[in-house]
């Protein structure tokens with residue numbers, strides 16, 4: 001039996017007695033969402049997988065991961081390519097083990113074992129586009145992102161886009177590249193998670209705002225004939241004015257902000273109903289453009305600020321991933337809500353704030 005031992009985990013080859021434990025752990029929708037493991041997961045599925053795993057030949061290996069005698073996950077190094085001297089790493093974590101670092105420790109042990117004891121020069125990693133938890137683990141272990149493989153057909157017939165990364169023999173097993181991966185595709189088309197659970201890419205601001213609208217039931221009229229003559233246009237203009245007033249106050253002070261506030265109120269009174277949709281679209285695009293330009297000239301990484309703000313917005317949700325409404329319709333803050341920490345994102349957090 002192939003056994004590896006770490007500080008908190010023990011890795012060993014699957015055994016027939018593990019079948020019942022596998023059934024309990026693998027009937028998990030999240031595991032099914034990001035792997036080809038069948039759902040529902042049956043006793044026959046477990047027996048077949050155990051038997052198949054036990055027939056693997058070196059340097060291919062699969063281990064179940066145990067912590068305090070509890071099954072917490074699995075790590076595999078398979079699909080050995082002799083010409084490339086490479087193995088493909090895969091892993092999953094049980095629901096109760098997620099976020100505790102067990103699978104990270106186990107995967108590190110498995111990879112070190114392969115490099116030290118096998119004719120292996122490269123470990124490759126693939127995961128569904130959007131599986132940020134899998135990438136976070138691979139990134140911590142030093143994997144370098146290589147790109148996106150499009151339309152990969154899985155054994156269950158599902159077609160997905162996959163992130164790809166690799167780790168070479170001799171490379172330090174520590175973060176070596178940008179942790180933020182590109183979501184090149186519209187995740188609403190390629191991800192079957194509900195909107196509130198989808199990963200968000202701060203480099204696509206419209207996708208962030210659309211996610212917010214879909215989660216909180218706000219209008220999304222893309223695909224319809226564009227028009228600025230909507231019943232919500234005054235509310236939207238008030239939000240734009242509010243943020244411009246806040247920006248003015250932050251730069252020029254409170255009195256300047258009050259001047260803008262009075263000017264906005266006067267402009268609203270002077271509304272003649274023009275509603276030029278083309279000019280509105282042009283102005284909105286220019287607002288985005290100049291906002292990013294100002295951020296660049298101020299040394300502000302607006303993508304990272306957006307990431308923090310979006311995370312805060314999504315933290316208002318309840319434990320079930322749905323908005324919590326008061327009787328009058330106001331959105332309440334969920335149990336995990338947190339305010340965006342812009343100072344931390346900018347690296348301007350004082351010692352007292354940390």
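The values are calculated or read from the model by the stated rules, or taken from the named source; none is laboratory data. This one's a predicted model, so the numbers in the text were calculated from it and none came from an experiment. Here Cβ is always computed from backbone atoms with ideal geometry, including for glycine, and neighbour counts include all displayed protein chains.
Just to verify a result, which residue in region 140-166, among those that are under 16 Å from residue 105 (Cα atoms) and in contact with a strand residue (DSSP E or B) (Cβ under 8 Å, 6 or more places away or on another chain), is surrounded by the fewest Cβ atoms within 10 Å (Cβ to Cβ)?
Pass one, region 140-166, residues under 16 Å from residue 105 (Cα atoms): 140-143.
Next, from what is left, pick out any that are in contact with a strand residue (DSSP E or B) (Cβ under 8 Å, 6 or more places away or on another chain): 141-143.
Values: 141: 22, 142: 20, 143: 26.
Of everything passing the filter in region 140-166, 142 is surrounded by the fewest Cβ atoms within 10 Å (Cβ to Cβ).
Looking only at region 52-74, how many residues end up being within 30 Å of the chain's Cα centre (by Cα) and surrounded by fewer than 18 Cβ atoms within 10 Å (Cβ to Cβ)?
Filtering region 52-74 for residues within 30 Å of the chain's Cα centre (by Cα) gives 60-68, 70-74.
Add one more test, that the residue is surrounded by fewer than 18 Cβ atoms within 10 Å (Cβ to Cβ), and what stays is 60, 68, 70.
Total meeting the criteria: 3.
Scan region 111-125 for residues that are touching a helix residue (DSSP H, G or I) at 6+ places or on another chain (Cβ under 9 Å) and assigned to a strand (DSSP E or B) and jot them down. Let's see the steps before the verdict.
Residues of region 111-125 touching a helix residue (DSSP H, G or I) at 6+ places or on another chain (Cβ under 9 Å): 120-121, 123, 125.
Selection gives 123, 125.
Table: residues versus (1) outside any strand (DSSP E or B); (2) within 25 Å of residue 158 (Cβ to Cβ); (3) out of contact with any helix residue (DSSP H, G or I) (no Cβ under 6 Å at 6 or more places or on another chain); (4) in the same structural domain as residue 164 (by TED's automatic domain parsing).
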position	(1), (2), (3), (4)
72	no, no, no, yes
77	no, yes, no, yes
89	no, yes, yes, yes
92	no, yes, no, yes
100	yes, no, yes, yes
133	yes, yes, yes, yes
138	yes, yes, yes, yes
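With the structure loaded, tell me whether residue 105 is within 20 Å of residue 37 (Cα to Cα), assigned by TED's automatic domain parsing to the domain that holds residue 175 and more than 20 Å from the chain's Cα centre (by Cα) or whether it fails that test.
Details: within 20 Å of residue 37 (Cα to Cα): no; assigned by TED's automatic domain parsing to the domain that holds residue 175: yes; more than 20 Å from the chain's Cα centre (by Cα): yes.
Judged against the criteria, residue 105 is not a match.
Pick out the one residue from 317, 306 that is touching a residue at least 40 places away in the same chain (Cβ under 8 Å), in contact with a helix residue (DSSP H, G or I) (Cβ under 9 Å, 6 or more places away or on another chain), assigned to a loop (DSSP other than H, G, I, E, B) and surrounded by 15 or more Cβ atoms within 10 Å (Cβ to Cβ). Lay out the reasoning, then the answer.
Numbers: 306 fails: assigned to a loop (DSSP other than H, G, I, E, B).
None of the others qualify; the one that does is 317.
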Out of the residues in region 143-176 that are touching a helix residue (DSSP H, G or I) at 6+ places or on another chain (Cβ under 7 Å) and outside any strand (DSSP E or B), state the one that is modelled with the lowest pLDDT. 175
For residue 232, which of the numbered conditions (1) farther than 26 Å from residue 313 by Cβ; (2) at pLDDT 90 or above fails to hold? (1)
Residue 81: passes all of (1) within 24 Å of the chain's Cα centre (by Cα); (2) more than 25 Å from residue 5 (Cβ to Cβ) but (1)
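Just to check your reading of the model, which residue among 225, 221 is over 30 Å from residue 132 (Cβ atoms), part of a loop (DSSP other than H, G, I, E, B) and outside the structural domain of residue 132 (by TED's automatic domain parsing)? If you could, list the steps in order and put the result at the bottom.
On the way: 221 fails: over 30 Å from residue 132 (Cβ atoms).
Answer to the selection: 225.
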Mind telling me which of the residues 264, 280, 290, 240 ends up being surrounded by 11 or more Cβ atoms within 10 Å (Cβ to Cβ), in the same structural domain as residue 339 (by TED's automatic domain parsing) and not in a loop (DSSP other than H, G, I, E, B)? 280
Of all residues in region 210-237, count the ones that are surrounded by 13 or more Cβ atoms within 10 Å (Cβ to Cβ) and touching a residue at least 40 places away in the same chain (Cβ under 8 Å). 6
